[in-house]
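One structure below.
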Amino acid sequence: TGSRIPYKDRKIYQAKTLIHEYALRLDITYSESGITSMIEEITDGEFGEGDWFNVLIGACSYVVMRRDKKFFPAAEVAKAVGCDIYELGRMIARVVKFLKLSLPEISIAGLFEREFNNYMNRKNVDEDKKEMMMKQGIFLVNCAVKWSLTTGRRPLPVVAAVMAFVAELNGVDGLKIEDVAEHVHAVVSTCKLRYKELLAALVRVAQVLPWGKDISVKNVVKYAPFVIQYMELKSMEVPGGGGERVEPFDMEDVISECLQKVAAYGNDENLSNGDSQYFEVRNRSDFPTLSNDNDGNNLKLSHECLSLIYSTFSNEVDAEKLNGQSGQIHVRKRWGLEPYAYQDWWSGKSELSKKLLLKQILEKEVGFDMMPPSFIAGCKANERRRQKINAAKVRINKIMDPSYAGSDGSDNLNSSEVACGGKKRKRRQASEIDWEDFVIEALLLHRVKEEDIEKGHYRALLGLYVFNSGTI
């Protein structure tokens with residue numbers, strides 16, 4: 001009939017139908033009533049239609065899930081409702097401000113658990129192995145938070161990087177970082193960058209191991225079981241050294257069991273003749289825990305070193321036994337101790353294998369702490385801009401006063417070389433000065449403070465001091 005009431009009823013019906021459609025698409029039909037109630041409160045019962053209403057549905061869906069402590073990536077919501085993630089973020093902020101809500105902090109471990117389960121459901125992986133991989137992933141995600149790899153960044157690329165690393169560590173085929181990035185709606189290049197940062201952090205932790213100097217980003221996956229085991233034991237230590245020790249081992253039991261294996265599978269003459277690498281240390285610098293007594297005759301080994309020797313010996317003996325070999329034990333590598341992977345390196349007893357709050361994660365010790373990579377990159381960028389500012393001042397002073405010479409007696413090209421550096425650039429001195437140098441010169445000529453130039457906000461400074469300088 002064209003009256004107002006039928007139009008309003010039709011609009012509300014279409015709005016609720018759209019809410020139901022998006023709830024089905026996001027698989028959150030159990031929260032549909034909460035989303036509808038929130039939208040009804042925000043719009044004062046009028047609901048709405050159009051593109052803005054789609055964004056509002058996505059924002060309310062995210063807020064309801066976050067309020068109920070159910071982890072939901074905003075990128076997935078934005079893709080489902082067909083909007084930009086930044087537009088969705090602005091709408092979420094408006095909803096939270098209007099309703100005066102206080103949302104709980106995002107648990108990256110919870111996001112990992114959700115995305116890992118959704119992805120691994122399509123893979124034919126044993127349930128026990130899947131559960132172990134889940135705990136390992138949560139442990140590494142919490143370590144990434146501890147190492148500030150998530151500070152000021154989106155969490156999904158870190159989740160994708162850890163998923164790919166855990167899959168590679170456990171030999172799960174078909175789980176590439178490109179596929180994981182597509183699954184979690186993250187940029188592939190960003191996920192690869194986070195993966196490299198994770199490997200670099202593990203390399204830094206591994207430096208405390210006897211063979212740490214041989215570990216690099218290229219081979220850290222091979223040594224990862226030993227590194228993660230060290231981190232796991234470190235996280236279970238009681239702060240201050242008090243309390244019960246974690247998994248103490250009796251040295252007499254270690255030695256007696258080692259001798260039993262020698263008697264069962266080996267030959268005592270091989271040991272006495274020096275044919276075994278396990279009881280003869282050739283390079284003492286590889287073992288900082290080694291020490292001699294006062295007369296220098298008897299060699300003393302720490303518990304960690306003896307445990308390492310025993311583990312390596314036991315694993316190789318067991319491998320020989322599985323291969324059907326008996327009698328003399330042949331050692332293939334005589335140049336030093338080579339760590340081999342073994343099955344029981346993961347215990348899963350650390351609290352970092354569970355979903356924890358940020359405060360609880362920061363209280364744990366994993367053997368290594370680092371500043372946020374973004375902060376380190378910012379400090380390096382400020383230093384680089386400071387060098388460019390100094391070089392620009394030298395060029396300006398020399399043009400204004402040809403008799404001027406820098407404190408080091410170098411001309412402007414050499415100063416630019418100091419700032420920019422690079423063998424390739426030194427051959428082409430004409431290209432030393434780039435657009436950034438010209439912008440810095442213009443800002444200096446307009447008397448902009450050097451502290452403001454160091455921050456790198458060139459466009460804002462040019463608009464404020466250069467192009468609008470006549471109106472200031």
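The values are calculated or read from the model by the stated rules, or taken from the named source; none is laboratory data. Remember, predicted model here, so these are calculated numbers, not experimental data. Glycine also receives a Cβ, built like all others from the backbone with ideal geometry; neighbour counts cover every protein chain displayed. In case anyone asks, the SASA skips ligands and DNA or RNA and just uses the protein heavy atoms, side chains included. Shrake-Rupley method; radii C 1.70, N 1.55, O 1.52, S 1.80 Å.
The table below gives the values:
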read-out	value
Cα radius of gyration and Dmax for segment 7-99 (Å)	12.0, 37
Ranking by accessible area, most exposed first, for 444, 88 with a 1.4 Å probe	444, 88
When each of 359/455; 16/355; 146/355; 79/176; 135/213 is checked by Cα-Cα distance, pairs over 24 Å	359/455; 16/355; 135/213
Cα-only Debye scattering, segment 108-235: base-10 log of I(q)/I(0) at q = 0.11 Å⁻¹	-0.35
Heavy-atom SASA rank of 211, 435 (probe 1.4 Å, accessible area, largest first)	435, 211
Nitroxide proxy distance, nm - points 7 Å out along Cα→Cβ at residue 154 and residue 170	2.6
83, 60, 379, ranked by accessible area, largest first (probe 1.4 Å)	379, 83, 60
Shape call, segment 1-155: gyration tensor on alpha carbons, a/c limit 1.5	prolate
Cα gyration tensor category, rounded, prolate or oblate, for segment 62-110 with a/c compared to 1.5	oblate
Spacing of the two label points (7 Å from each Cα toward its C-beta) at residue 400 and residue 347, in nm	6.8
Residue-level accessible surface for residue 29, protein heavy atoms, 1.4 Å, Å²	60
